[in-house]
1. How far apart, in nm, are two points set 7 Å out from the Cα along the Cα-to-Cβ line at A:Gln180 and at A:Arg193?
2. Taking 45 Å as R0, compute the FRET efficiency from the Cβ-Cβ separation of B:Lys114 and A:Asp250 and round it to 0.05.
3. Using unit Cβ charges (K, R positive; D, E negative) and no other charged atoms, how large, in debye to the nearest 20, is the dipole of the stretch B:59-137 about its Cα centre?
4. What distance in nm separates the two pseudo spin-label positions at B:Ser62 and A:Val157, each 7 Å out from Cα along the beta-carbon direction?
5. Averaged over B:161-174, how many beta carbons belonging to a partner chain fall within 10 Å of each residue's beta carbon?
6. So what are the stretch A:151-216's ellipsoid semi-axes, whole angstrom, largest first, if each one is the square root of 5 times an eigenvalue of the alpha-carbon gyration tensor?
7. Whole-Hz Karplus ³J(HN,Hα) for the stretch A:224-240, in order, using 6.51 cos²θ - 1.76 cosθ + 1.60 and θ = phi - 60°, x for Gly and Pro?
8. How many angstrom lie between the C-alpha centres of the stretch A:151-206 and the stretch B:102-178?
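Bear in mind that the values in this text are calculations on the coordinates, not laboratory data. Just so it is clear, the structure is predicted and the values come from calculations on it, not from any experiment. Reconstructed Cβ throughout: ideal geometry from the backbone, glycine too, with neighbour counts over all protein chains shown.
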Amino acid sequence: MRLGIVLAVTIATLGLVPAATNCGMESAWTHCDVSNSGTQVDVSAGYNRPGATRPGGGGSDAITPPARPAQPDAVPAEPSCADEDLRCGLVVVAPPDLTLADLVSFRPAAPTLTGEPAGFGVVGMPTNVVAAASEQRIPGTVLGWDVTVRFVPAEFVFEYGDGSSATAATGGASWERLGQAQFSPTATSHVYRDRGTFPVAVTVRYAPSVDFGSGLWRPVPGFVSATSGGYDVRVVEVRTALVDRTCQEDPTGPGC
Amino acid sequence: MLSRTVPLTLAAVLVGVLVGCTPTPAPSVEPTPAFSSEAEAFAAAEETYRAYVDALNQVDLSDPATFEEVYAWTTGEANAGARRSFTEMAAEGWSVSGDSRFDHFSPIEYDEEKILSVVTADVCLDVTLVDVLDSNGVSQVPAERVDRQPATLTFARQDTLTGLVIASSEATDAATCD
């Protein structure tokens, strides 16, 4: 129980309490619940993992008084606490455990995708493919809590369009940035075996975590994926030959 | 005497165009000018609310591109709420018909110091004409829907045409719609 209480204390201190009823007009299309105006806040089954430890988490075993809404409602009528209703006095608030389904309204940006040589590849030689995605922090509301959702790129899955794919921990980099020679293999490069035009796509798997305002990032199990395509690689064969004259000198010559 | 010199020419030239990875510049945040008077701030807030209603009326739940204008006029909680509602309704295959209407705008407070609630106002969300249908054409509007829903809006400073966006929208049981 201690962890839940510690978190509740932190949240109450920061004044971050769940805004219970967001009601934009698009919500009103169907139905909006009117926000309650008392001291009642949602009690959430908890983030109370037996054995979970928090570094330096001293905290107190004292029961937290109920958090109050940040903005008092227009209706001042507060339920009386004179009765025996325990909810009036003792409410412990702990952030809920979230799943990917709760984050459906948070969409990380799609990665960028490019390659070198730009739009080209050579049969039998490495074609470099480079994707870029960065960490994103998106503020919003989940289950009535003001949160920041963080997406950290965890994996890049490249599909090279010829049926093969590869998974890399990074999006790769250009040969120049890697300090490598052109057409040398990289972590994200691919060797095409045949000529043709191949649509390349990359899927970034982001690891989500959520901050309920306490500065503590709580990971959400699973990944949120974002895919980019639209990068076609035209793979050509390169042959060298000795000829008598240049194409300028003899436009009808072989290969001209 | 014909020269027997054989010019050797390398015919195939491979041109590799190397693309550098230039990072996209971070969008610069320009400070929004403060309002010169309370009346000006209230007028901007009303205009913002009208623009938001207009944007809602352009929404086609089957075309997520039409959501963007609504998102542009909202931030924070209101933005997250809109994203969630649209995502859910679109995922269910629902459609919306009829216009949401501007009904009432009563400014309550202007506080230059507050970032997320520069202006607070009571409005009346009039959705009398709105119907939401599922993919079978069955209305998803429950009987208890309040056709004219009182709500309190807060506005945050942002670089829009009006200098404001809607930051939160909370249903109340105030008498705004009466």
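1. Going by the 7 Å Cα→Cβ label model, 2.1 nm.
2. The value I calculate is 0.05.
3. For this selection, approximately 140 debye.
4. It is 3.0 nm.
5. Partner-chain Cβ atoms within 10 Å, mean over residues of B:161-174: 5.
6. Rounded to whole Å, the semi-axes are 31, 16, 7.
7. 10, 9, 9, 10, 10, x, x, 10, 9, 10, 9, 9, 10, 9, 10, 10, 10
8. 47
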